[in-house]
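The structure appears right after this line, and notes come after that.
The values are calculated or read from the model by the stated rules, or taken from the named source; none is laboratory data. All values derive from a computational prediction rather than experimental measurement. Cβ atoms come from the backbone with ideal geometry, glycine included; neighbour counts cover every protein chain shown. Each accessible area value is taken on the protein alone, full model and side chains, heavy atoms only, with ligands, DNA and RNA left out. Shrake-Rupley method; radii C 1.70, N 1.55, O 1.52, S 1.80 Å.
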Amino acid sequence: MAWPDGLPPLSLPIIGAPLFIISNPDLVIAQCKNGVIGAFPALNARPMDALDDWLTRIRQELAAHKAAHPQAEIAPFAVNQIVHPSNDRLAHDLDLCAKHEVPIIITSLSAPREIVPRVHAWRGLVFHDVINVRHAKKAIDAGVDGLILVCAGAGGHAGTLSPFAFVEEIRKLWGGPVALAGAVTTGRGVLAARALGADLAYVGTRFIATEEANAEARYKRMIVESDAAGIVYSPYFTGVHGNYLRQSVIDAGLDPDHLPESAKAMSFEQAKAAEAVKAWRDIFGAGQGVGAIDDILPAAAVIARMRREYLAARDSLLGA
Ligand SMILES: Cc1cc2nc3c(=O)[nH]c(=O)nc-3n(C[C@H](O)[C@H](O)[C@H](O)COP(=O)(O)O)c2cc1C
């Protein structure tokens, strides 16, 4: 695997993807203790000074776990920063990441040109998420250490490219670490991501249906009960195309089959309705991989099962 020097091995090659509102220290600590990279959006720590406490707690609990279990493969953690003028916390949050020397910064939206040298100064890594090759080239130009390819079917804001097409094109121009996102919910899917040429899978929706995730019970249950046909892809809720649970759209009093494509196309009644419901709070983000999620478990159990599935799939392909 094209994995940067100095990082510990992972028990399973995945990043637990950052999830707005949902990712919290409990989930990140459980992921890292069980050998996979845990991540959370900095914006989840509210008010913003809570970020200092979150980072202190994550560092302390992982260090204590290492002291108690010297053999354990404890993964590094990552903080997601939204690089956009609307994020007025960015400078503050980045200062705290510098103070705690956060191992990996995951950047979203604009290419993180100014952020890369800052993160490198504390020997951190920058991974940037992209939905097309044009954005990937900009990120490479900005000096990032890793790319996250967000493909069709991913939960939340997602692209439309097939992972088969996207990884092949990226591999022609980039030999560094690649994480692949979009509907990976089982160990078999993780192995498939590796077979395609990615180093890691980037797994979001599977971790919503965990005990640690900060999501209401109705949301977790809806994930367990849904399948790929229960996902709608629409720009209606945030102005950017994303994947959401169809049932949550219906429960909010909207018709998932007749959502306008843009704010301009909305009638007055539709615009009022869009204002009244809040993406992420009322409209639940989730990817097409929901059909393979049948239970709500502790994150440790999800990771252990994915690891068993990953090894079994690898053995079966190798004819062992
Ligand atoms: C509810 C939800 C919230 C998300 N919030 C964020 C976020 O705050 N920042 C971000 O970079 N990506 C966010 N994502 C995208 C994920 O990090 C990741 O790309 C996606 O979950 C991967 O696809 P999968 O859900 O099919 O595994 C979110 C996804 C979901 C489902």
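Per-structure values
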| item | result |
| --- | --- |
| Cut-off 17 Å, label 7 Å out along Cα→Cβ of H92, residues of region 39-68 by amide N | 41-56 |
| Added length on full extension, which subtracts the Cα-Cα distance from 0.36 nm per residue, T160 to K138 | 6.0 nm |
| For T107, residues with placed amide H under 5 Å, excluding near neighbours | Q81, F127, H128, D129 |
| Helical mean residue ellipticity (222 nm; -39500 (n - 2.57) per DSSP H run of 4+; nearest 500) of the chain | -11500 deg cm²/dmol |
| Length-normalised contact order for the chain - Cα pairs under 8 Å, 6+ apart - percent | 18 percent |
| Nonlocal amide H pairs with G38, under 5 Å, H built at 1.01 Å | G16, C32, A78 |
| Region 175-233: relative contact order in percent, alpha carbon pairs under 8 Å with at least 6 residues between | 28 percent |
| Förster radius 35 Å - calculated FRET efficiency between E261 and A228 (Cβ-Cβ, nearest 0.05) | 0.95 |
| Shape of the chain, Cα gyration tensor, a/c cut at 1.5 | rounded |
| Residue order for H157, H258 - accessible surface, 1.4 angstrom probe, largest first | H258, H157 |
| Antiparallel DSSP beta bridges within the chain, percent to nearest 5 | 20 percent |
| Pair A64, R194: separation of 7 Å Cα→Cβ label points (nm) | 3.3 nm |
| Prolate/oblate/rounded call for region 1-77, Cα gyration tensor, a/c under 1.5 rounded | oblate |
| K278/R57 FRET efficiency (R0 41 Å; Cβ-Cβ; nearest 0.05) | 0.90 |
| R314-I250 FRET efficiency (beta carbon distance; Förster radius 30 Å; 0.05 resolution) | 0.15 |
| Gyration tensor verdict on region 62-197 (Cα atoms; rounded if a/c is under 1.5, prolate if a/b is larger than b/c, oblate otherwise) | oblate |
